[in-house]
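*Asks:* Here's a structure for you.
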Amino acid sequence: MKLSGEEQAMLAGEQGKATQKAMEILVALGAIYDAKHMVPVTSVQIAGVSYDNLGEAGLHFLTELEQGGGKARVLTTLNPAGMDVENWQALGIEAEFAEKQIQVIDAFARMNVITTCTCTPYLTGNVPHFGEHIAWAESSAVCYANSVLGARTNREGGPSALAAALTGRTPAYGMHLDGNRAPKITFDVRADLVENNDFGALGKVIGEHLQFMDGASVPYVRGVEEATLEQLKSFAASIVTYGGAALFHMEDITPEATQHDPPGERVMITAADLIGAKSEMTDGDAEDADFVSLGCPHLSIKEIARIAELLEGKRVVKEFWITTGRPTKHIADKMGYTHTIEASGAKFAADTCCVVAPIKGRFSTLVTDSAKACYYAAGKNQFQTILKPFDEVVYAALGGRKGETAQ
Ligand code: F3S
């Protein structure tokens, strides 16, 4: 790989040990993917922040980089941690875990990383524009950034994203190159999509098709008439979870769709496919569930406003987590939504989520509107899952169905 003078200086250790280590990681990665050169990045999102995933080895790695003088050179934010940094006791997190999690976040802070822990950095100020090269490590955010914003990022791992932050570079391969962004297969959607979970189900159906294609994982989706930001974040999270797609094009909706013709290979998706996908993610009755969560990916302020509207003057009868980024929670505080939501007995779980928090064994059945949460709740935490439309998830927390909620 051809390195610039500055990149060579980083590799030679002239800019400190941490920068050297970071450049070594990127050069090794570039060699694996046959990158010809590095590309400057303007934004980084680091995943692998939960102490539940990192453990002592991860914390040690961070401490080494921090003590080696590592400093983020570009705007860098964090993925969800294993707990709400302000409200962890109310969520039943052990003090010993909290102490370790704070050490992780502090190590990032000392490296100039903005310690906003969210998987929707594009809702809280880390918003790359069209064509911008970035290095993001949260899969749902990667898919959203590539597809909806038109930015360019591979699915980084935690170490390679941190290395990009410390050097301001990433190897030029994969999604950074024009040729790899062309669609390979067309999905014709013949179904009405109304709710977030419809988009999540669509992501699962398309994702599972893509798994059987050899490296041709960029889909071109037609037949979706409109999609909100929230629906696109659900779709992005689902298609990357079930199919590994870091990029999709959606006709008349995503910016790069206009640059391509729909590929000749076609698959039709019907309403029956979506019903089938939803039923695969639903195991049991919401009334018997013991855990309810909204916010995978992290909630927008519009979604939090809707939850507050539905919970106004009511009491929840189940453990109900509202997961979002801290800046969005601050807006909710200001608007009075937090007060309404907490008065109902529901709990904010800012900075974290129902997947990365250490809650395995605490609950048996999760109700959610998120196809991605269903996948990981079942796989990581061994919960049964029930997928519902957004409003019905709130009704489930209230112990009833639409129109028969507890007061
Ligand atoms: Fe975000 Fe956690 Fe879902 S990191 S995308 S809320 S699994």
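The values are calculated or read from the model by the stated rules, or taken from the named source; none is laboratory data. Computed from a predicted structure; not experimentally measured. Please note: Cβ atoms are built from the backbone with ideal geometry, for glycine as well, and neighbour counts cover all protein chains shown. Accessible surface areas use protein heavy atoms only, side chains included; no ligands, DNA or RNA. Shrake-Rupley method; radii C 1.70, N 1.55, O 1.52, S 1.80 Å.
*Asks:* Need the failing condition index for ASP351 against (1) under 28 Å from LEU274 (Cβ atoms); (2) within 15 Å of the ligand (Cβ to nearest atom); (3) open to solvent by less than 10 Å² (accessible area, probe 1.4 Å), just the number.
*Replies:* Just one mismatch for ASP351, condition (1).
*Asks:* Scan segment 373-384 and give yes if some residue there is touching a helix residue (DSSP H, G or I) at 6+ places or on another chain (Cβ under 7 Å), open to solvent by 20 Å² or more (accessible area, probe 1.4 Å) and away from the ligand (no atom under 12 Å from the Cβ), otherwise no.
*Replies:* Scanning segment 373-384, I find no residue that is touching a helix residue (DSSP H, G or I) at 6+ places or on another chain (Cβ under 7 Å), open to solvent by 20 Å² or more (accessible area, probe 1.4 Å) and away from the ligand (no atom under 12 Å from the Cβ), so the answer is no.
*Asks:* Another one. Give just the number: which of (1) modelled with pLDDT of 95 or more; (2) open to solvent by 10 Å² or more (accessible area, probe 1.4 Å) does GLU265 not satisfy?
*Replies:* Of everything listed in (1) modelled with pLDDT of 95 or more; (2) open to solvent by 10 Å² or more (accessible area, probe 1.4 Å), GLU265 misses just condition (1).
*Asks:* Just to be sure I understand the filter: pairs with C-beta atoms under 6 Å, separated by 6 or more residues or on different chains, first member in segment 37-50 and over 16 Å from ALA141 (Cα atoms) and within 12 Å of the ligand (Cβ to nearest atom), second member at pLDDT below 95 and open to solvent by 10 Å² or more (accessible area, probe 1.4 Å). Which pairs pass?
*Replies:* Sorted first by the residue in segment 37-50, then by its partner, the pairs are SER50/VAL356.
*Asks:* When only residues in segment 283-298 that are over 14 Å from ASN197 (Cβ atoms) and in a loop (DSSP other than H, G, I, E, B) count, which is nearest to the ligand (Cβ to nearest atom)?
*Replies:* HIS298
*Asks:* What about HIS298, is it in contact (Cβ under 8 Å) with a residue 60 or more places away in the chain and touching a Gly at 6+ places or on another chain (Cβ under 9 Å)?
*Replies:* Yes.
*Asks:* Could you identify the single residue in ARG362, ARG315 that is within 30 Å of LEU54 (Cβ to Cβ), touching a residue at least 40 places away in the same chain (Cβ under 8 Å) and away from the ligand (no atom under 16 Å from the Cβ)? I'd like the intermediate steps shown before the answer.
*Replies:* Values: ARG315 fails: within 30 Å of LEU54 (Cβ to Cβ).
Exactly one of ARG362, ARG315 is within 30 Å of LEU54 (Cβ to Cβ), touching a residue at least 40 places away in the same chain (Cβ under 8 Å) and away from the ligand (no atom under 16 Å from the Cβ), namely ARG362.
*Asks:* Here's a follow-up. Taking the criterion of being within 14 Å of the ligand (Cβ to nearest atom) and acidic (Asp, Glu), would at least one residue in segment 328-341 satisfy it?
*Replies:* No, every residue in segment 328-341 fails to be within 14 Å of the ligand (Cβ to nearest atom) and acidic (Asp, Glu).
*Asks:* For residues that are part of a strand (DSSP E or B) and touching a His at 6+ places or on another chain (Cβ under 9 Å), tally how many sit in segment 255-282.
*Replies:* So the count comes out to 2.
*Asks:* Still on this structure: Let me confirm something: among THR323, THR328, which residue is in contact with a Gly (Cβ under 8 Å, 6 or more places away or on another chain), under 15 Å from THR120 (Cβ atoms) and either buried (at least 19 other Cβ atoms within 10 Å of the Cβ) or at pLDDT below 95 (or both)?
*Replies:* Of THR323, THR328, the one residue that is in contact with a Gly (Cβ under 8 Å, 6 or more places away or on another chain), under 15 Å from THR120 (Cβ atoms) and either buried (at least 19 other Cβ atoms within 10 Å of the Cβ) or at pLDDT below 95 (or both) is THR323.
So that you can scan it fast, the table gives a plain yes or no per residue for (1) touching a residue at least 12 places away in the same chain (Cβ under 8 Å); (2) within 12 Å of the chain's Cα centre (by Cα); (3) surrounded by fewer than 22 Cβ atoms within 10 Å (Cβ to Cβ):
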| site | (1), (2), (3) |
| --- | --- |
| MET213 | yes, no, yes |
| TYR220 | yes, no, no |
| GLY223 | yes, no, yes |
| LEU229 | yes, no, yes |
| SER234 | yes, yes, no |
| SER238 | yes, yes, no |
| TYR242 | yes, no, no |
| PHE248 | yes, no, no |
| GLU251 | yes, no, yes |
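*Asks:* While we're on this one: Can you tell me which of (1) in a loop (DSSP other than H, G, I, E, B); (2) of a type in the set (Phe, Trp, Tyr); (3) away from the ligand (no atom under 16 Å from the Cβ) is the one TYR395 doesn't meet?
*Replies:* The one condition TYR395 does not meet is (1).
*Asks:* Can you tell me how many residues in segment 62-108 are of a type in the set (Phe, Trp, Tyr) and either at pLDDT below 95 or under 13 Å from PRO358 (Cα atoms) (or both)?
*Replies:* Adding up the residues that qualify gives 2.
*Asks:* Open to solvent by 60 Å² or more (accessible area, probe 1.4 Å) and in a helix (DSSP H, G or I): is that true of GLU86 in this structure? Reasoning before the result, please.
*Replies:* On the way: open to solvent by 60 Å² or more (accessible area, probe 1.4 Å): yes; in a helix (DSSP H, G or I): no.
When the stated conditions are applied, GLU86 does not pass them.
*Asks:* Do we have ASP290 as surrounded by fewer than 22 Cβ atoms within 10 Å (Cβ to Cβ) and in contact with a strand residue (DSSP E or B) (Cβ under 8 Å, 6 or more places away or on another chain) here?
*Replies:* Judged against the criteria, ASP290 is a match.
*Asks:* Let me ask you something else. Among strands (runs of 3 or more DSSP E) lying entirely in segment 91-192, which contain 2 or more residues that are away from the ligand (no atom under 16 Å from the Cβ) and either surrounded by 23 or more Cβ atoms within 10 Å (Cβ to Cβ) or in contact (Cβ under 8 Å) with a residue 12 or more places away in the chain (or both)?
*Replies:* Ranges flagged: 169-171, 185-190.
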